[in-house]
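In what follows, a single structure is set out as C-alpha cells and then discussed.
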Ligand SMILES: [Zn+2]
C-alpha cells in the first residue's frame with residue numbers, strides 16, 4: 001500500500017514537472033523549473049520569474065529529495081557547485097538580477113527581468129537556465145498596456161511606436177510627424193502626394209504584399225490613401241463643417257488627430273475590379289478575399305472588420321490595412337481579434 005501511494009505521488013510529481021519545460025533526460029540528477037511558464041511583460045516595466053532547481057536521487061528509483069526533505073548525496077552536489085547559467089534570447093529583455101539561494105536540497109532564484117521600452121506588442125523571447133546536465137526554458141511575451149500610453153486629454157504618448165493604438169478615444173499629438181515617411185513604391189491612385197506616403201517598414205511590407213498578390217495570383221492592387229497629416233485632417237474636417245454643419249460633420253468625419261492614417265502605418269487599398277474606389281464590395285472580390293486571408297503574412301491586419309463596429313467605432317472597411325509587423329498581425333489574425341480586443345484579451 002505504502003509503495004503504491006509513493007509511486008503515485010512520484011508519478012504525479014513528474015507529470016506536473018515535465019509539463020513545466022524542465023528537461024534532464026539522461027542521468028537525471030536535478031530538475032529545473034521556471035514559474036510561471038509564460039510571462040506577459042509590459043515594455044518599460046520589470047517582472048519577476050522564479051527558477052527552482054531541485055536535486056533528484058538517481059541511485060535507484062527517482063526520489064524527490066526536496067519534497068522528502070532528504071539530503072542529497074555529495075555526488076549530486078558536485079556538478080552543481082556553480083549557480084545556474086541564465087541567458088535570455090531577445091536583446092530587448094534584460095536580466096536585472098538573478099540571485100540564487102543554494103540550500104542542501106536545491107536552488108531558488110528570483111529573476112528580475114526588464115523589457116525595453118522599444119519592444120513592441122507581440123514580440124517574444126525565452127529565458128534559458130542551464131545547470132549541470134539540466135536545462136529549462138520559460139517564454140516571455142510582450143504586450144503593451146494602452147492605458148499607460150495616453151495622457152489625461154486622450155492624446156497617445158507613444159505615437160511613433162509600431163503598436164500605437166489610435167481610435168476615436170485615443171488621438172495622435174497634433175504636432176506628430178512620422179520620422180521615416182517614404183513615398184510608396186507600389187502603384188498609386190491619387191495625385192495628392194501626401195497620401196502616397198507610409199513609414200519605411202510599412203511601405204516595404206506593402207511592396208512585398210502587392211508583389212505576392214501579383215506573382216501568386218496575378219492580382220493588381222493599388223494604394224489609394226496612406227499618410228494623412230494633422231493639417232490635412234483639419235482641412236477635411238472644416239470642409240465637412242462648412243458643407244454639413246458642425247453636428248453632422250462630427251458624425252461623418254473623424255476629429256483631427258483620431259485618424260489612424262496619421263501614424264503613417266495605415267493604407268487604404270483598392271483594385272480595378274471596384275474601379276479603384278474604397279467600397280465594401282472590395283471585400284467580396286477575389287482580390288479583397290485574398291488580402292483578408294494573406295495580409296497578416298506581411299504584417300498587416302484588416303483594422304475595421306465586419307461585425308466589430310461597436311468595438312472599433314468604425315463601419316466595416318475591407319480596404320483599410322494597418323501595419324503592425326508580422327508577429328502581432330499573425331496573432332491578431334489567428335485569434336480573430338480586432339486591435340482593441342487584442343489588448344483586452
Ligand atoms: Zn483608411
Here the qualifying pairs (Cβ atoms under 7 Å; residues six or more apart or on different chains; first in segment 240-261 and in the same structural domain as residue 157 (by TED's automatic domain parsing); second away from the ligand (no atom under 15 Å from the Cβ) and assigned to a loop (DSSP other than H, G, I, E, B)) come out as 257/174
Within segment 253-278, the residues that are in a loop (DSSP other than H, G, I, E, B) and under 30 Å from residue 176 (Cβ atoms) are 253, 254, 255, 256, 257, 258, 259, 264, 265, 276, 277, 278
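So which strands (runs of 3 or more DSSP E) stay within segment 89-173 end to end and still have 1 or more residues that are free of Cβ contacts under 8 Å to residues at least 60 places away in the same chain? Let's see the steps before the verdict.
Working: elements: 93-102, 106-115, 124-131, 134-142.
Once the strands (runs of 3 or more DSSP E) in segment 89-173 are filtered for at least 1 residues that are free of Cβ contacts under 8 Å to residues at least 60 places away in the same chain, what remains is 93-102, 106-115, 124-131.
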May I ask you to verify whether residue 275 is more than 30 Å from residue 123 (Cα to Cα), surrounded by fewer than 17 Cβ atoms within 10 Å (Cβ to Cβ) and more than 22 Å from the chain's Cα centre (by Cα)? yes
- Task: Return yes or no: is residue 227 closer than 17 Å to residue 324 by Cα and assigned to a loop (DSSP other than H, G, I, E, B)?
- Result: yes
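Would you mind stating whether residue 157 is in the same structural domain as residue 261 (by TED's automatic domain parsing) and within 16 Å of the ligand (Cβ to nearest atom)?
Numbers: in the same structural domain as residue 261 (by TED's automatic domain parsing): yes; within 16 Å of the ligand (Cβ to nearest atom): no.
Taking the combined requirement at face value, the residue does not satisfy it.
For residue 33, are the conditions met, namely being at pLDDT 85 or above and either in a strand (DSSP E or B) or touching a strand residue (DSSP E or B) at 6+ places or on another chain (Cβ under 6 Å) (or both)? Walk me through it before giving the result.
On the way: at pLDDT 85 or above: yes; either in a strand (DSSP E or B) or touching a strand residue (DSSP E or B) at 6+ places or on another chain (Cβ under 6 Å) (or both): yes.
Yes; evaluated as a whole, the condition is true for this residue.
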When residue 282 is run through (1) within 13 Å of the ligand (Cβ to nearest atom); (2) within 21 Å of residue 199 (Cβ to Cβ), the failure sits at (2)
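Evaluate the following for residue 250: is it surrounded by fewer than 21 Cβ atoms within 10 Å (Cβ to Cβ), within 16 Å of the ligand (Cβ to nearest atom) and in a helix (DSSP H, G or I)?
Working: surrounded by fewer than 21 Cβ atoms within 10 Å (Cβ to Cβ): yes; within 16 Å of the ligand (Cβ to nearest atom): no; in a helix (DSSP H, G or I): yes.
Criteria not met by residue 250.
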Of the residues in segment 200-227, those that are surrounded by fewer than 22 Cβ atoms within 10 Å (Cβ to Cβ) and farther than 23 Å from residue 293 by Cα come to 200
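If a residue has to be more than 13 Å from the ligand (Cβ to nearest atom), under 18 Å from residue 217 (Cβ atoms) and in contact (Cβ under 8 Å) with a residue 12 or more places away in the chain to count, how many in segment 285-304 make the cut?
Here is the first cut: in segment 285-304, the residues more than 13 Å from the ligand (Cβ to nearest atom) are 285-299.
Remaining after also requiring under 18 Å from residue 217 (Cβ atoms): 285-298.
Retained after the next criterion (residues that are in contact (Cβ under 8 Å) with a residue 12 or more places away in the chain): 285-288, 290-292, 294-298.
The qualifying residues number 12.
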Among the residues of segment 279-318, the number that are on the phi < 0 side of the Ramachandran plot and outside any helix (DSSP H, G or I) is 15
Subset of segment 148-168, residues modelled with pLDDT of 95 or more and either surrounded by fewer than 13 Cβ atoms within 10 Å (Cβ to Cβ) or on the phi > 0 side of the Ramachandran plot (or both), comes to 151, 152, 153, 154, 157
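Condition first: assigned to a helix (DSSP H, G or I) and either within 27 Å of residue 155 (Cβ to Cβ) or within 16 Å of the ligand (Cβ to nearest atom) (or both). Can you find one or more residues in segment 186-195 that meet it? If you could, list the steps in order and put the result at the bottom.
Kept after step one, since they are assigned to a helix (DSSP H, G or I), are these residues of segment 186-195: 193-195.
Imposing the further condition that a residue be either within 27 Å of residue 155 (Cβ to Cβ) or within 16 Å of the ligand (Cβ to nearest atom) (or both) reduces the set to 194-195.
The answer is yes; a qualifying residue exists.
Can we say residue 186 is in contact with a strand residue (DSSP E or B) (Cβ under 9 Å, 6 or more places away or on another chain) and touching a residue at least 12 places away in the same chain (Cβ under 8 Å)? Even if it seems obvious, please write down each step before you answer.
Values: in contact with a strand residue (DSSP E or B) (Cβ under 9 Å, 6 or more places away or on another chain): yes; touching a residue at least 12 places away in the same chain (Cβ under 8 Å): yes.
In short, yes.
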Checked segment 293-345 for anything within 23 Å of residue 211 (Cβ to Cβ) and surrounded by fewer than 18 Cβ atoms within 10 Å (Cβ to Cβ); matches are 293, 294, 297, 326, 327, 330
- Qualifying residue in segment 333-344 (condition: in contact (Cβ under 8 Å) with a residue 12 or more places away in the chain, touching a helix residue (DSSP H, G or I) at 6+ places or on another chain (Cβ under 7 Å), within 15 Å of the ligand (Cβ to nearest atom) and more than 30 Å from residue 125 (Cβ to Cβ)): no
Against the definition (within 14 Å of the ligand (Cβ to nearest atom) and touching a strand residue (DSSP E or B) at 6+ places or on another chain (Cβ under 6 Å)), how does residue 312 come out, yes or no? yes
Of (1) closer than 30 Å to residue 213 by Cβ; (2) touching a strand residue (DSSP E or B) at 6+ places or on another chain (Cβ under 9 Å); (3) more than 12 Å from the ligand (Cβ to nearest atom), residue 269 fails just (3)
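The values are calculated or read from the model by the stated rules, or taken from the named source; none is laboratory data. This one's a predicted model, so the numbers in the text were calculated from it and none came from an experiment. Note: ideal-geometry Cβ built from the backbone for every residue, glycine included; neighbour counts use all protein chains shown.
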